[in-house]
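So the structure is just underneath, and the comments pick up after that.
The values are calculated or read from the model by the stated rules, or taken from the named source; none is laboratory data. Treat the numbers as computed from the prediction; the structure is a model and nothing was measured. Virtual Cβ from ideal backbone geometry, glycine too; neighbours counted across all protein chains shown.
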Amino acid sequence: MRGLGGVASFFEGLFSAPKPPTKEEVRQQKIAEAEEAPARAAIREKAEYEAKLREILQQDARSRVLRREAGQEHDRDDDRGREGERER
């Protein structure tokens, strides 16, 4: 019979609501959260910094492409002008 009682209490523990935390557990949790707050803030700041850096690098890459394309257009215009000079 002991075996059945143990099995019953096992299943009762699985399906019962968890016990509320004790005052000491709540106090320790608050201390832990306070200690973790600076680390969480640093992680958040780092993520924001990295996002801004990615944005700047993407803008720079787009700007380089536009300048390169504009330079190629300028080079083509120069080539056309030179061809006209050669024909003269």
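Points worth noting:
- Residues located in the range 8-30, provided they are basic (K, R) and exposed (fewer than 11 other Cβ atoms within 10 Å of the Cβ): K19, K23, K30
- The set of residues from the range 1-49 being outside any helix (DSSP H, G or I) and aliphatic (A, V, I, L, M) comprises M1, A17.
- Among the residues of the range 50-60, none qualifies, meaning not one is modelled with pLDDT under 95, surrounded by 10 or more Cβ atoms within 10 Å (Cβ to Cβ) and not hydrophobic (A, V, I, L, M, F, W, C).
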